[in-house]
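For reference, the structure discussed in these notes is given below.
Just so you know, all these numbers are worked out from the coordinates, no wet-lab data involved. If you're wondering where the values come from, they're calculated on a predicted model, not measured in any experiment. A quick note on method: Cβ atoms are made from the backbone with ideal geometry, for glycine too, and the neighbour counts reach across all protein chains shown.
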Amino acid sequence: MKINVSRRRFLGTTAALTLGGIGADLFAQQPQDLLLVNGRIHTMDAAATVVSQVLIQRGRFAAVGNRVSARGARRIDLKGRTVIPGLIDAHNHIVLVGNRPGWHTPLEHVFTIADAIAALQQRAAGVPPGEFVTTVGPIAANQLAERRLPTLQELDAVSRPVYLHAAQGGARTNTAGKAWLEAKGVTVAADGAMAGPALGLALQTLRKELLTPETRRRTALGALDYYARLGITTHRDCGAFHSEQPSGGVANENMYTMHEPFLALHRDGKLPARLRIDFLHQDPSTPLGAAAPAAAPPLPTLGPRLRNAFPFFGDEWLKTGGIGEFTGGGADGLRAIARAGWRAEDHALNLAGVTNLIKDRETVHAEIPIGSLRWIISHIPDFPADLANRMNAMGMGVLVGWGPLRNGTNVGPPYRMLMSHAIKKGYHSDGGDITVINPWLNFYTIVTGKNLAGQAILGDQTLTRQEMIWLATAANKWFIEEDDLGSIEPGNRADLAVLDRDFFTVPEADITRTRSLLTLVGGRIVYSDLPGTAA
Ligand SMILES: [Zn+2]
């Protein structure tokens, strides 16, 4: 039986994490066609069909129904389990997460300090003595029952230096980490906290001292594996703030080199998920109607990008996209993107912001029609229906999500209004630096209206569970511009997740703990913890 390199790689990276074991047998069977039977398979086709069987041949769904037969396919009895199309996160910052320093350990699946410590201890067991166990981004105080980060004393239960840098503020280290950081000039409080300039210096120092091409590659693979276990099969990355040198900013990286670890994984055929790459640009803005500032060349980074790069270039595993989540250069930037025929995305943080973005696009659209380019505005916390009308008239779409760590009442976005509106809409987490990528934390908020601290933040703008999965699968076809992903239909690429519980019926409180037992990307088993499938 052939045991390939990717299997050994997978066992090595997952052994230190806490989401469960591996159904090793499935890896050996991977080249075979698969017949999945006795499932509750939510296809997310236009009729919301639920079937019990699906046949996968040569990486694509060959037959979907209740009386599927196949010769020579490996039969997997799902024993009534729920299946959904592989989740598409149509805007996140997975490339940032894949470039974190140290033995990076995403912690978006733990809900108490004790569980966080246990996960870090398990990770530490596979880390050479003296090397840093880190979590930079994928943890937040609000996800933990204690609503705070672990203290230095609690982190001392981990046998390696530890550095935690939370998505919504704050960083913590333990005694070993404190000694290392203080020797480099970082001020650490007695409880292990770093704040203000010390926070940036700590992260910058860790990046300077610990990052190598090999560690970046290890972390990139670990990040993709982690989210494959939560059911994400396609990430659309929306960039980073550019820093030429190692930065202290959690959202900063070198936007010209940060994709290298992912490109290396792709070269070696080891990507466990699909990656779609957008390019973020922040050239100085020229106000509408004003002359370009004489001192600066117009569009110093966006211009070369549009002239020298290719949109939608790559293959089914890794592909470039458009410009975003910032376009830069104001209306001139938009004009250049429209002329080049590229997709463009900007985010909006409030009503004034989104109103201005729409006004600029209307101006440009009148000169250079953008109706076929699928331009996007994301986040849109405050977004009345008349703005949806105006965007829809230009053929634009909105990405929504971005909620589990938010506070306040009726903080939006208005999911319910959008569901009954004709505008194209899709799901994004925007996670990786300021919020969480774990789809089930995001789905919990969108379905229940509550943030992770249990406070009602969405008013009456929640979605049904069916609508939620549709938004994160079939609805996102439009945003990645690929019709053969996002639904379980004959001919489509075989991306799916067999869930560990029935998301559609479990009590609300259980939604956050949902994970995948079996994740397929293009019919390839990228993660399995499915009991009872051993030969
Ligand atoms: Zn973003």
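Here are the numbers for the structure shown:
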{"item": "For region 272-412, alpha-carbon Rg over 2.2 N^0.38 Å", "result": "1.09"}
{"item": "Full-extension gain in nm, residue 66 to residue 189, via 0.36 nm per residue minus C-alpha separation", "result": "38.2 nm"}
{"item": "Column: log10 I(q)/I(0), Debye, Cα scatterers of region 70-203, q = 0.09, 0.14, 0.22 Å⁻¹", "result": "-0.33, -0.65, -1.35"}
{"item": "Spin-label pair residue 75/residue 456, simplified geometry with 7 Å Cα→Cβ offset, distance in nm", "result": "5.0"}
{"item": "Cα centroid separation - region 136-152 against region 437-497, whole Å", "result": "25"}
{"item": "Farthest positive-ward along region 422-535 dipole, Cα basis, beta-carbon charges - from 449, 464, 518", "result": "449"}
{"item": "Dipole moment magnitude, nearest 20 debye, the chain about Cα centre, only Lys, Arg, Asp, Glu C-beta charged", "result": "1200"}
{"item": "Simple label model, 7 Å out from Cα along Cβ direction - residue 339 to residue 312, nm", "result": "2.2"}
{"item": "Evaluated at q = 0.14, 0.20, 0.27, 0.33 Å⁻¹: base-10 log I(q)/I(0), Debye formula over Cα of region 394-444", "result": "-0.39, -0.75, -1.11, -1.29"}
{"item": "Hull volume in cubic angstrom per residue (convex hull over the Cα atoms of region 215-355)", "result": "144"}
{"item": "Peptide ranges 332-343, 262-273, 122-133 listed from the most packed, as the mean C-beta count within 10 angstrom indicates", "result": "332-343, 262-273, 122-133"}
{"item": "Highest to lowest packing among 159-168, 448-457, scored as the average C-beta count within 10 Å", "result": "159-168, 448-457"}
{"item": "Rounded, prolate or oblate (a/c below 1.5 giving rounded, otherwise prolate when a/b exceeds b/c) for region 483-535 by Cα gyration tensor", "result": "oblate"}
{"item": "Separation of alpha-carbon centers, region 312-374 and region 174-193, rounded to whole Å", "result": "43"}
{"item": "Calculated P(r) of region 447-535 - Cα pairs past 23 Å, %", "result": "37"}
{"item": "The chain: calculated mean residue ellipticity at 222 nm from DSSP helix runs of at least 4, using -39500 (n - 2.57)", "result": "-8000 deg cm²/dmol"}
{"item": "Prolate/oblate/rounded call for region 380-525, Cα gyration tensor, a/c under 1.5 rounded", "result": "oblate"}
{"item": "Pairwise FRET efficiency - residue 392 versus residue 157, Cβ, R0 = 45 Å, nearest 0.05", "result": "0.25"}
{"item": "Diffusion constant of the chain at 20 °C, which comes from Stokes-Einstein with the Kirkwood Cα-pair radius and 1.002 mPa s, µm²/s", "result": "90"}
